[in-house]
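Colleague: Let me begin by handing over the structure; questions about it come next.
Just so it is clear, none of the values below were taken in a lab; they were calculated from the coordinates. What you are looking at is a predicted structure, and each value in this text was computed from that prediction instead of being measured. Every residue, glycine among them, receives a Cβ derived from its backbone with ideal geometry; neighbour counts consider all protein chains shown.
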Amino acid sequence: MSERASVEVTPGVWVLAAQGNAFAVETPDGVVLVDTGPGGRKTDEMIVELRTRTDAPVWAICYSHGHFGYNFGVPQWLDHNAERGHAPPRLIAHRNLPLRYARYRETDGYQAILNEMQFPGITQMFTPEKVDPTETFDDQMLLCESPRVELLWTPSETDDAISMWLPETRTLFTGPAVPADFIPNVGTPQRSLRLTGRWADTLDRLIELRPEVLVIEFGDHVTGEDLINERLTTTARALRWLRAAVVDRLNRGLNEREILADLEYPPEVFDYPWLTWFYGSPEYIVRDLVREESGWWDRNPTSLHPSPPDEVARATFDAIADPDAVIAQAEALAADGNPQLAMHVIDLVALGPDEEPAVVRARAIKSDLCRARSKEIEPVPSKGLYKSSGIRLKQGIISWEGVVQ
């Protein structure tokens with residue numbers, strides 16, 4: 001999206017700057033809003049901006065999906081309606097969204113830790129206001145006859161994702177189903193399965209609509225049926241290529257690391273400006289596909305029934321004849337421009353007992369290696385995880401216990 005706080009897509013249809021792009025459609029009954037923003041100042045700005053466009057009441061709020069922050073602003077919009085003397089808006093989501101919110105409430109501390117790992121400092125920026133929808137639907141919902149406004153279930157990044165379709169102008173708001181200029185966000189290192197084949201099926205359903213205007217969750221909207229068709233078609237093709245490639249190697253007996261080492265990604269499938277490695281990554285998708293078809297075991301018999309971590313740390317450290325030589329080898333690999341291989345080596349010492357001076361030194365070196373990897377790796381989630389891990393390691397800590405109070 002441009003730097004402006006709102007953009008008119010077609011008459012009476014606007015994109016609002018939120019956590020990504022929110023979507024507002026004026027109907028005879030009032031405004032239908034998709035996503036309310038992360039709360040606080042950003043949501044206040046959304047409300048002000050909408051009022052520069054229309055004075056109509058907000059009669060429905062739709063949740064594009066249940067991820068962190070996209071609808072923390074619901075209470076402010078409810079207050080806004082009340083202050084104006086308008087009835088509370090309908091709160092509409094897919095039927096899977098309340099289940100996601102319930103799971104997030106149950107694992108609230110864990111979710112905070114995961115977010116802090118990927119986005120250091122983010123837990124201080126948000127108040128997680130999870131307001132459940134008042135209505136849910138399964139596959140499709142008609143909100144308005146004229147102009148016709150339809151909600152579609154489009155499982156993709158989440159199983160509760162929805163899109164909005166305006167057939168009269170062939171305008172499609174996809175929420176997370178169509179990413180910005182990167183390969184779909186499947187297999188993010190800390191998240192649950194996102195089902196690659198199902199996402200490709202969702203894209204096929206959107207292609208059949210033949211949209212002329214495509215509004216995505218991040219970035220400027222796209223116009224032109226041919227360009228939109230190419231974008232959606234090539235994205236679905238890339239996802240199916242990855243599934244076929246992974247399944248073929250699973251059938252040949254390769255494990256996850258062997259598959260990652262064996263795969264190359266053909267340019268005729270992946271070299272498109274909307275399939276970059278900026279946020280998503282083919283390597284992430286490969287690992288998610290392996291998880292779809294297999295259990296947790298990495299095929300190393302040692303990991304089947306492991307000893308307690310502190311015992312392993314002590315026994316491994318005691319077995320190393322010369323920890324300083326291990327550290328020197330890791331430093332040599334890093335100096336030779338291979339920080340990733342250096343991390344594998346330094347772990348022989350860095351995962352050792354906390355009180356050992358060599359371990360403290362190794363963790364400081366590993367912190368520097370994390371910083372180096374964050375600069376050379378492309379996907380944003382990996383950058384964030386390297387950075388946050390490096391911060392902990394610089395403090396001599398490998399555990400995340402107590403990081404979020």
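Colleague: Please work out how much length the chain gains when fully extended from Leu304 to Phe278, using 0.36 nm per residue of separation minus the C-alpha to C-alpha distance, in nm with one decimal.
Modeller: Computed gain between Leu304 and Phe278 is 5.9 nm.
Colleague: To the nearest 10 degrees, how steep is helix 74-83 against the longest Cα principal axis of the chain, on a 0 to 90 scale?
Modeller: With rounding to tens, the tilt is 30 degrees.
Colleague: Counting other Cβ atoms within 10 Å of each Cβ, which chymotrypsin sites (Phe, Trp or Tyr not before Pro) in region 230-316 have at most 16 and sit in a DSSP loop?
Modeller: Answer in residue order: Phe278, Trp296, Trp297.
Colleague: Of the residues Gln118, Gln19, Gln395, which exhibits the maximal mean-square fluctuation in a Gaussian network model of the chain defined by a 10 Å Cα contact cut-off?
Modeller: Gln395
Colleague: What value, in deg cm²/dmol to 500, does the helix sum -39500 (n - 2.57) over DSSP H runs of n ≥ 4 give at 222 nm once divided by the residues of the chain?
Modeller: For the chain, the value works out to -14000 deg cm²/dmol.
Colleague: With Cβ to Cβ distances under 13 Å as the rule, what net charge do the other residues near Gly39 carry (K, R +1; D, E -1)?
Modeller: Combined, the nearby Lys, Arg, Asp and Glu give -2.
Colleague: Scan the chain and report its longest stretch carrying no trypsin sites (Lys or Arg not before Pro) that are both in a DSSP loop and have at most 15 other Cβ atoms within 10 Å.
Modeller: Excluding the exposed sites themselves, the longest stretch runs over 96-251.
Colleague: Kirkwood Rh and Cα-based Rg: tell me the resulting Rg over Rh for region 319-388, rounded to two decimals.
Modeller: When Rh is taken as the Kirkwood radius, the ratio is 1.00.
Colleague: Note the angle between two axes, namely the Cα long axis of helix 309-319 and the longest principal axis of the Cα atoms of the chain, as a number of degrees from 0 to 90, rounded to the nearest 10.
Modeller: 30 degrees
Colleague: Using Cβ counts within 10 Å as a stand-in for footprinting exposure, how do Val131, Val48, Val186 rank, fewest first?
Modeller: The fewest-first ordering by Cβ neighbours comes to Val48, Val131, Val186.
Colleague: According to the square roots a ≥ b ≥ c of the eigenvalues of the Cα gyration tensor, what is the shape class of region 251-366, taking rounded for a/c under 1.5, prolate for a/b larger than b/c otherwise, and oblate for the remainder?
Modeller: Taking the square roots of the gyration eigenvalues as a ≥ b ≥ c, region 251-366 is oblate.
Colleague: Within a Cβ distance under 9 Å of Ile285, other residues only, what is the Lys/Arg minus Asp/Glu net charge?
Modeller: Every neighbour counted, the sum reads +1.
Colleague: Another one. In debye to the nearest 20, how big a dipole does region 1-123 give about its Cα centre with +1 on each Lys and Arg Cβ and -1 on each Asp and Glu Cβ?
Modeller: Dipole of region 1-123, to the nearest 20 debye: 300 debye.
Colleague: I've got another one for you. Please give the contour-minus-distance gain from Leu341 to Asp354: 0.36 nm per residue of separation, less the Cα-Cα distance, rounded to one decimal in nm.
Modeller: The Leu341-Asp354 span can extend by a further 2.4 nm.
Colleague: Which lysines have a Cα less than 16 Å from the Cα of Lys387, not counting those fewer than 8 places away in the same chain?
Modeller: Correct list for Lys387: Lys366, Lys375.
Colleague: Find, among the GluC sites (Glu not before Pro) in region 279-384, those assigned to loop by DSSP (not H, G, I, E, B) with at most 10 other beta-carbon atoms within 10 angstrom.
Modeller: Listed in order of number, the matching sites are Glu355.
Colleague: Something else: Using a 7 Å offset from the Cα along the Cα-to-Cβ direction at both Glu135 and Ala319, what is the distance between the two label points in nm, to one decimal?
Modeller: Distance between the two pseudo-spin positions: 6.2 nm.
Colleague: Measure nothing but the geometry: give the 0 to 90° angle between the long axis through the Cα atoms of 225-251 and the longest principal axis through the Cα atoms of the chain, rounded to 10°.
Modeller: Relative to the chain, helix 225-251 is tipped by roughly 30 degrees.
Colleague: Please work out the C-alpha center-to-center distance from region 3-64 to region 208-286 and express it in whole Å.
Modeller: 30 Å
Colleague: Continuing with this model, one more query. Among (1) 78, 46, 37; (2) 70, 68, 50; (3) 62, 53, 38, only one was calculated for this model; which label is it, if the read-out is Cα extents along the principal axes in Å?
Modeller: The value computed from this structure is option (1).
Colleague: Taking the DSSP beta bridges in the chain as the whole, what percent of them are antiparallel, to the nearest 5?
Modeller: Here the antiparallel bridges make up roughly 65 percent for the chain.
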